[in-house]
Amino acid sequence: MLSINSDRLKKSVLELSKIGYNETDHGVYRWGFTDADMEARRWMMEQAKAEGFETFMDGAGNVFFGLGDYLKKPAVLTGSHLDTVPAGGIFDGALGVLAGFEVLRSIKENDIKLRHPVWVVGTAEEEGRFGGMMGSQAIAGVLNPDWLMSAHDADNVYLKDAMAAHGMSVMDALDAAWPPERLKAFYELHIEQGPVLFQKDITIGAVEGISGVFKWIVHLKGKADHAGTAPMHMRSDAFMGLADFAHEIERIIAEDGTEKTRITVGKVDLKPGSPHTVPGEAVFTIVGRDMSPDVMKELADSCNKALSAIARKHRLKFEYEQVSWLNPQACSVKLTKQIEEKAKARKYSCLKMPSGAGHDAQFFTEITESGLIFIPSVNGVSHAPDEWSHWHDVEAGCNILFDCIIDSAQ
């Protein structure tokens, strides 16, 4: 049974991790459409060209490279994202792209004859600087032109301006769509980003479905005041509103959520931000997740009601912007079974499981059969500098990806 070159894959992962690396906190900073993110895309294309693969970048910033003419026969596509969260790890997203690269190199050096083209994509802006999953949404043809023009990050940098800084036009992303007849299947290899596989000592996760996610930016506006002279009962303290909402999260989940529900307040900005001033405004994010679109709607409604009541209680003005809403998606039953069978053939332990995090694979379900492969994350850590997966698990995941792609492309 043929296997990939694990040493070569490891070398590629470590090389890419140098782009955007921060020596102070040891995190990787490749936030979507920053200089480091675009450097990583250029690096990936250079690596692929050096191996003799055809490459191109589409209007959304997605990087493609591969073997065979996808215009003549439907392609088997694999990949993930090249951007990271600020202070991210070296495996999230990058592993899926570089594993695809290693699969291509293994196909080429073993002179494997395939009936279908095999291509790899490094998607753009998956992590959510401007809303998330932009690259895969572009490929699936579901981008909204109005959103493209209005999307901005938490610092009010607009997507159109971030792309223009790199010589790109935001509306060109609408031309990046692939028609369904151009694809035979899509596979994504990814770290689990949770503790299940690691705690159970299981090598491979065959993902059945991907959680939906919504993201809000919330503004609670009160009145900045002197911390020493403003009586407690006369304050319009924006932080107290935020604190009250934080305590409401568990109730909202208990009443309207499921065991798969997650609600997170991950970023907070208090204004004016002085130790001796009552906060006049709290700006914060809410990210909600669940496997059911109906539950997601109930969670969003409950958050809205809770914040409205809290605003009245503390004499605040409540506003929110929905940055993104991604519905949950089921992975291909056929490909999930294939992943299980390939794991069994290599004597790897395997667990059928859901994904609590969103992934590019969920948008590929719009246009083709989509399969998602997980490997363990040590202690479940991700989106952090100490994100880690053991190299033997990385090798196993790439071998399963290799087996699935060969099977589908023959």
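At 222 nm, what helix-only mean residue ellipticity would the chain give, in deg cm²/dmol to the nearest 500, using -39500 (n - 2.57) for each DSSP H run of four or more?
On the way: 12 runs with 143 residues, N = 410.
Estimated from H runs of four or more residues: -11000 deg cm²/dmol.
Of 159, 71, 95, which is the most mobile in a GNM of the chain whose springs link Cα atoms less than 10 angstrom apart?
Comparing 159, 71, 95 in the GNM, the peak value goes to 71.
Among 132, 275, 61, which residue has its Cα positioned farthest towards the positive end of the charge dipole of the chain, with +1 placed on the Cβ of Lys and Arg, -1 on the Cβ of Asp and Glu, and the dipole taken about the Cα centre?
132
Report Rg/Rh for segment 213-326, rounded to two decimals, where Rg is the Cα radius of gyration and Rh the Kirkwood radius. Don't skip to the answer; put the middle values down first.
Values: Rg = 14.8 Å, Rh = 14.5 Å.
A ratio of 1.02.
Under the Kirkwood approximation for Rh and a Cα-based Rg, what ratio Rg/Rh is obtained for segment 161-238?
In segment 161-238, Rg relative to Rh is 1.24.
Residue 165 label point, 7 Å along Cα→Cβ, cut-off 18 Å on backbone N: hits in segment 189-229?
none
Local charge sum around residue 379 (other residues, Cβ-Cβ under 10 Å, Lys/Arg +1, Asp/Glu -1)?
Working: positive: none; negative: 386, 387.
So the surrounding residues net to -2.
Let me see the P(r) profile for segment 16-147: every Cα-Cα distance counted, bins of 10 Å, each bin given as a percent of all pairs.
Bins of 10 Å from zero give 13, 43, 31, 12, 1 percent of pairs.
Compute the acute angle (0 to 90°) between the alpha-carbon long axis of helix 333-345 and the principal axis of greatest extent of the alpha-carbon atoms of the chain; round to the nearest 10°.
Compared with the principal axis, the helix lies near 60 degrees.
In what order do 120, 196 fall by count of nearby beta-carbon atoms within 10 Å, going from fewest to most? Can you show the working numbers first?
On the way: 120 27, 196 17.
So the residues, fewest neighbours to most, are 196, 120.
Work out how much length residue 14 to residue 69 would gain on full extension: take 0.36 nm times their residue separation and subtract the Cα-Cα distance, in nm to one decimal. Provide the component values of the computation, followed by the final result.
Details: separation 55, 0.36 × 55 = 19.80 nm, distance 3.06 nm.
So the chain would gain 16.7 nm between residue 14 and residue 69.
Given Cβ point charges of +1 (Lys, Arg) and -1 (Asp, Glu) and nothing else, what value in debye, to the nearest 20, does the dipole of segment 1-147 about its Cα centre take? Provide the component values of the computation, followed by the final result.
On the way: 15 positive and 21 negative charges, 132 e Å.
Dipole size: approximately 640 debye.
Just subtract the alpha-carbon distance of residue 271 and residue 51 from 0.36 nm times their residue separation and send over the number in nm, one decimal. Display every interim value, and only then the final one.
On the way: separation 220, 0.36 × 220 = 79.20 nm, distance 5.18 nm.
Contour length minus the Cα-Cα distance gives 74.0 nm.
Explain nothing, just the number: dipole magnitude of segment 228-329 about its Cα centre with +1 on each Lys and Arg Cβ and -1 on each Asp and Glu Cβ, in debye rounded to the nearest 20. Display every interim value, and only then the final one.
Details: 13 positive and 15 negative charges, 70 e Å.
Around 340 debye, computed over segment 228-329.
Given R₀ = 30 Å, what would the calculated FRET efficiency be for residue 321 paired with residue 346, taking r from the Cβ atoms and rounding to 0.05?
Numbers: r = 47 Å, r/R0 = 1.56.
It comes to 0.05.
As an exercise, use a Förster radius of 35 Å and the Cβ-Cβ distance of residue 21 and residue 144 to find the FRET efficiency, rounded to the nearest 0.05. Working shown, then result.
On the way: r = 34 Å, r/R0 = 0.98.
Efficiency, from the Cβ-Cβ distance: 0.55.
With unit charges on the beta carbons (Lys and Arg positive, Asp and Glu negative) and the dipole taken about the Cα centre of the chain, which residue among 400, 79, 246 sits farthest to the positive side?
400
Taking 10 °C and 1.306 mPa s as the conditions, I'd like the Stokes-Einstein D for the chain in µm²/s, using the Kirkwood hydrodynamic radius from alpha carbon pairs. If you can, show how the numbers build up before the last one.
Values: Rh = 22.2 Å.
For these conditions, the coefficient is 72 µm²/s.
Whole Å is fine, so just give me how far the alpha carbon centre of segment 316-356 lies from that of segment 239-305.
Between the Cα centres of segment 316-356 and segment 239-305 lies a distance of 24 Å.
Give me the dipole magnitude in Debye, nearest 20, for the chain about the Cα centre, with unit charges on the beta carbon: positive for Lys and Arg, negative for Asp and Glu. Please report the intermediate quantities before stating the final value.
Numbers: 42 positive and 58 negative charges, 89 e Å.
Magnitude of the dipole: close to 420 debye.
For residue 308 and residue 232 in the same chain, what is the full-extension length gain: residue separation times 0.36 nm, less their Cα-Cα distance, in nm? If you can, show how the numbers build up before the last one.
Numbers: separation 76, 0.36 × 76 = 27.36 nm, distance 2.09 nm.
Working it through step by step, the gained length comes to 25.3 nm.
Going down the table (11/160; 72/108; 267/317), which pairs top 24 Å between alpha carbons?
Numbers: 11/160 35 Å; 72/108 20 Å; 267/317 19 Å.
Violating the 24 Å Cα-Cα cut-off are 11/160.
Any read-out appearing in this document is the output of simple, stated calculations on the displayed coordinates, not a laboratory observation. In this text, all values refer to a predicted model and were calculated from it rather than measured experimentally. All Cβ positions, glycine included, derive from the backbone under ideal geometry; neighbour counts span all protein chains shown.
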